[in-house]
Amino acid sequence: MTTAAQSQIGNRKSKIAHYWSLIKPLQSGLLLATGLAGYMSARCPIFSMPTLLGLAASLFLAIAGSTVLNMWWDRDIDARMGRTKKRPTSSGLVSDREALRLGLILSVIGVGWAVAMDALYGLIVFAGLFFDVVVYSMWLKRRTAWSIVWGGISGAMPILAGRALGLGSVDWIGLTMALGILFWIPTHTLTFSMKFENDYAAACVPTFPSTYGLSFTRATIAVSSVLAALAMGISGFGIGMAWGFLRLLAVLSAGLLMLAVAITFRPSERVNFGLFKYASVYMLSAMILVVIEVI
């Protein structure tokens, strides 16, 4: 193999790596897990493997597409923040046209696939993408700290979509699961905005800490954590989760609430970071419990 050919292969691998980082695989994977849990809560132990695989593929593509489009839109403010200035879109490693094209292709294929599988499922998937890209990122993110509510609605759509695909309709359990995600997201995002308050200030992005102060932000985190735990508990009861699994969910929720109380009354950088990390572990663990329970 010639040096030129080796260089070309290396460039292609590097480009693929940059594209992969644009979809934020950990974040996208967590949202995908909620969608799978929503579907399996309605269809297990009897389900169609082709449908499950179609759900996984279409939902992942739609989530990835919206994430890429968000990074394409936010490339200017990302370039002003220390934690994001090395992203492929903000550093120029991926051109604006490439990022936009990739985001649109993934989004169209993901939503189109979802609509082809089921009209209601496709509508909810599209709603998630619309709220995330258009309402949250393009319209509200640079205008108000309350944009996180609309971002939260977007994050709640995968689990609602999954359950709707399994049932063929939207029920109260699916809505309660979605509320659990909606209330969980402020716990996750507000701890993040506290940690990187200076970054957001440099990019002129309004956040709860900069708009309302740290005390109000911590109180909001505590309230949202309580509501998230309640919603997840009610959802677990609604799907018929055994008492043993409900107790495990209660233990996980207790950990979330303890950290929320700690950040309210004994705030520190360590507690803030711990709650940020635990919030993701909590939601992933809750989804795993749902799946294990219904299998």
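Would you check which residues across segment 156-214 are small (Gly, Ala, Ser), in contact (Cβ under 8 Å) with a residue 60 or more places away in the chain and either touching a strand residue (DSSP E or B) at 6+ places or on another chain (Cβ under 9 Å) or not in a helix (DSSP H, G or I) (or both) and list them?
Result: Ala203, single match.
Could you tell me which residue of segment 75-99 is farthest from the chain's Cα centre (by Cα), considering only residues that are part of a helix (DSSP H, G or I) and buried (at least 16 other Cβ atoms within 10 Å of the Cβ)?
Step by step, filter segment 75-99, then rank; the result is Glu98.
Among the residues of segment 157-171, is there at least one that is among the acidic types (Asp, Glu) and touching a helix residue (DSSP H, G or I) at 6+ places or on another chain (Cβ under 6 Å)?
No, segment 157-171 contains no residue that is among the acidic types (Asp, Glu) and touching a helix residue (DSSP H, G or I) at 6+ places or on another chain (Cβ under 6 Å).
Is one or more of the residues making up segment 279-291 more than 19 Å from the chain's Cα centre (by Cα) and β-branched (Val, Ile, Thr)?
No: segment 279-291 contains no residue that is more than 19 Å from the chain's Cα centre (by Cα) and β-branched (Val, Ile, Thr).
Could you grab me the full set of residues in segment 86-143 that are among the aliphatic types (A, V, I, L, M) and either touching a His at 6+ places or on another chain (Cβ under 9 Å) or within 22 Å of Ala201 (Cα to Cα) (or both)?
If the condition is that a residue be among the aliphatic types (A, V, I, L, M) and either touching a His at 6+ places or on another chain (Cβ under 9 Å) or within 22 Å of Ala201 (Cα to Cα) (or both), then Leu93, Val94, Val133, Val135, Met138, Leu140 are the ones that fit.
Going through Gly238, Gly213, Gly244 one at a time, which residue ends up being modelled with pLDDT of 90 or more and farther than 30 Å from Ala79 by Cβ?
Just one listed residue meets the conditions, Gly238.
So which residues in segment 38-74 are of a type in the set (Gly, Ala, Ser), touching an Asp or Glu at 6+ places or on another chain (Cβ under 9 Å) and surrounded by fewer than 23 Cβ atoms within 10 Å (Cβ to Cβ), if there are any at all?
The one that is of a type in the set (Gly, Ala, Ser), touching an Asp or Glu at 6+ places or on another chain (Cβ under 9 Å) and surrounded by fewer than 23 Cβ atoms within 10 Å (Cβ to Cβ): Ala42.
Looking at this structure, is Val170 closer than 25 Å to Leu182 by Cβ and touching a Ser or Thr at 6+ places or on another chain (Cβ under 8 Å)?
It is false that Val170 is closer than 25 Å to Leu182 by Cβ and touching a Ser or Thr at 6+ places or on another chain (Cβ under 8 Å).
Has segment 132-151 got any residue that is small (Gly, Ala, Ser) and more than 28 Å from Pro209 (Cβ to Cβ)?
No, there is no match, as no residue in segment 132-151 is small (Gly, Ala, Ser) and more than 28 Å from Pro209 (Cβ to Cβ).
Which residues, counting only those in segment 249-271, are more than 15 Å from Ala37 (Cβ to Cβ), part of a helix (DSSP H, G or I) and touching a Leu at 6+ places or on another chain (Cβ under 9 Å)?
If the condition is that a residue be more than 15 Å from Ala37 (Cβ to Cβ), part of a helix (DSSP H, G or I) and touching a Leu at 6+ places or on another chain (Cβ under 9 Å), then Ser253, Leu256, Leu259, Ala260, Ala262, Ile263, Val271 are the ones that fit.
Just checking, how many residues over segment 113-170 are among the hydroxyl-bearing types (Ser, Thr, Tyr) and within 20 Å of Val68 (Cβ to Cβ)?
4
Examine segment 119-132 for a residue that is surrounded by fewer than 19 Cβ atoms within 10 Å (Cβ to Cβ) and touching a residue at least 40 places away in the same chain (Cβ under 8 Å), and state whether such a residue exists.
Yes; the residues of segment 119-132 include at least one that is surrounded by fewer than 19 Cβ atoms within 10 Å (Cβ to Cβ) and touching a residue at least 40 places away in the same chain (Cβ under 8 Å).
Name the residue that is surrounded by the most Cβ atoms within 10 Å (Cβ to Cβ), counting only residues in segment 225-262 that are touching a residue at least 60 places away in the same chain (Cβ under 8 Å) and within 18 Å of Leu190 (Cα to Cα).
Ala260
Just wondering, is there one or more residues in segment 104-120 that are of a type in the set (Ser, Thr, Tyr), at pLDDT below 95 and either within 30 Å of Ala242 (Cβ to Cβ) or assigned to a helix (DSSP H, G or I) (or both)?
Checking segment 104-120: not a single residue is of a type in the set (Ser, Thr, Tyr), at pLDDT below 95 and either within 30 Å of Ala242 (Cβ to Cβ) or assigned to a helix (DSSP H, G or I) (or both).
The values are calculated or read from the model by the stated rules, or taken from the named source; none is laboratory data. What you are looking at is a predicted structure, and each value in this text was computed from that prediction instead of being measured. Cβ atoms come from the backbone with ideal geometry, glycine included; neighbour counts cover every protein chain shown.
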